[in-house]
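The values are calculated or read from the model by the stated rules, or taken from the named source; none is laboratory data. These numbers come from a predicted model, not from an experiment. Please note: Cβ atoms are built from the backbone with ideal geometry, for glycine as well, and neighbour counts cover all protein chains shown.
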Amino acid sequence: MNDWKERIKERFKANCRFDFPAKDITTYRIGGPVDALVYPENREDMKWLVKFVSAGKMPFFVLGSGSNVLVGDKGIRGVVALTGKMDQLEVSGSAVKAMSGAKWDKLVQVSAENGLTGLEKTSGIPGSVGGSVVMNAGAFGQETFDRLVSFEALDEKGNLLVLKKTDVKYSYRKVEGIRGLIIISAAFEFEKGDKSAVLAARKEALKKRMETQPLDSASAGSVFKRPQGDYASRLIDACGLKGLTIGGAQVSAKHAGFIINLGNASASDIYKLIRKVKTEVKIKTGVELELEQILVGDF
Ligand SMILES: Cc1cc2nc3c(=O)[nH]c(=O)nc-3n(C[C@H](O)[C@H](O)[C@H](O)COP(=O)(O)OP(=O)(O)OC[C@H]3O[C@@H](n4cnc5c(N)ncnc54)[C@H](O)[C@@H]3O)c2cc1C
């Protein structure tokens, strides 16, 4: 084992894996080996890791639930930190504070159960809090930054920063100026609502998801961002691309905005299909679709 892997093993013991298949940590169920996968349990673990990779000038990537990434068939070089063990969440009045690895839907569920309104329509987004902050994830007219107040993050040298929502520029599925930062925790402020109405809205959002999304297949949600004044899924459907298949990758027949892994898709199959859809939509409608999913590794 390389010296650097030995040092990680020594520090993280059971909380690390080597040459671990990315397909086991992504919702696409795709991706080659990760050189070193580490599960930090707290700020100190993450800080140590950031300083370690920074000192060694090693490639470093953070993953939450892996629900918005396509990892290449050759995998990821260097170190990947998976935040899932940093998952504490606390409610205090109308405020909710969550560590970055907490499940987004847990945050929404707990706030709804406390009669807190503002994010219930985002129920069912299968990401982490950190991933949802980075992506400004949202659904049915509500998004992460609606209720975000501030977040803690580490910079590339391992310094802890506290950023207010107003310190960054955000828009639809886009947050600028946070590249290279590792989100540690996020604080949210809700409005007090009627508990049964909030829970009913949550139920409705989950039902809509079940009805419209191919939740029984592996995917990473919407492939493309919503173009101005339209929907990627509508354009893809109008171009007759529903069901289009390359290798094990298929444009979902249920929701044309999703590409699903039929079971044996490679990252290269998905990527080829993404390019094909993009090209066809551009030729037939003139619209340039922008990728929402994040490509990690070689493509
Ligand atoms: C079935 C399905 C439905 C979906 N529906 C929606 C939807 O309705 N709306 C929506 O917006 N999205 C949706 N998504 C996409 C996805 O769930 C969201 O984008 C989610 O917020 C991503 O979170 P994650 O933890 O999985 O991020 P990951 O996929 O793990 O990572 C995404 C990006 O965030 C970065 N990141 C993750 N955690 C951190 C951290 N702690 N610090 C710094 N960077 C970090 C990663 O480096 C990467 O660049 C869906 C996905 C699926 C599979």
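List of remarks:
- Matching entry among D73, D35, D105, D24 (being within 13 Å of the ligand (Cβ to nearest atom) and among the acidic types (D, E)): D105
- The set of residues from the stretch 175-204 being surrounded by 13 or more Cβ atoms within 10 Å (Cβ to Cβ) and either within 19 Å of the chain's Cα centre (by Cα) or in the same structural domain as I270 (by TED's automatic domain parsing) (or both) comprises V175, I178, L181, I182, I183, I184, S185, A186, A187, F188.
- A search for C-beta distances below 6 Å between a residue of the stretch 247-273 that is closer than 12 Å to R29 by Cα and any residue that is part of a strand (DSSP E or B) and of a type in the set (A, V, I, L, M), counting only pairs 6+ apart in sequence or on different chains, returns A249/I259; N261/A218; A265/A249; A267/L70; I270/L70; I270/A249; I270/I259.
Each row is one residue, and each column tells you yes or no for (1) among the aromatic types (F, W, Y); (2) touching a Leu at 6+ places or on another chain (Cβ under 8 Å); (3) closer than 15 Å to S185 by Cβ; (4) in a helix (DSSP H, G or I).
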{"residue": "K121", "(1), (2), (3), (4)": "no, no, no, yes"}
{"residue": "V134", "(1), (2), (3), (4)": "no, no, yes, yes"}
{"residue": "D146", "(1), (2), (3), (4)": "no, yes, no, yes"}
{"residue": "V149", "(1), (2), (3), (4)": "no, no, yes, no"}
{"residue": "E152", "(1), (2), (3), (4)": "no, yes, yes, no"}
{"residue": "K157", "(1), (2), (3), (4)": "no, no, no, no"}
{"residue": "L161", "(1), (2), (3), (4)": "no, yes, yes, no"}
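- Of all residues making up the stretch 216-246, the number that are without any contact (Cβ under 8 Å) to a residue 60 or more places away in the chain and buried (at least 16 other Cβ atoms within 10 Å of the Cβ): 12
- Hits in the stretch 93-120 (condition: closer than 24 Å to L82 by Cβ and either among the acidic types (D, E) or not assigned by TED's automatic domain parsing to the domain that holds F140 (or both)): D105
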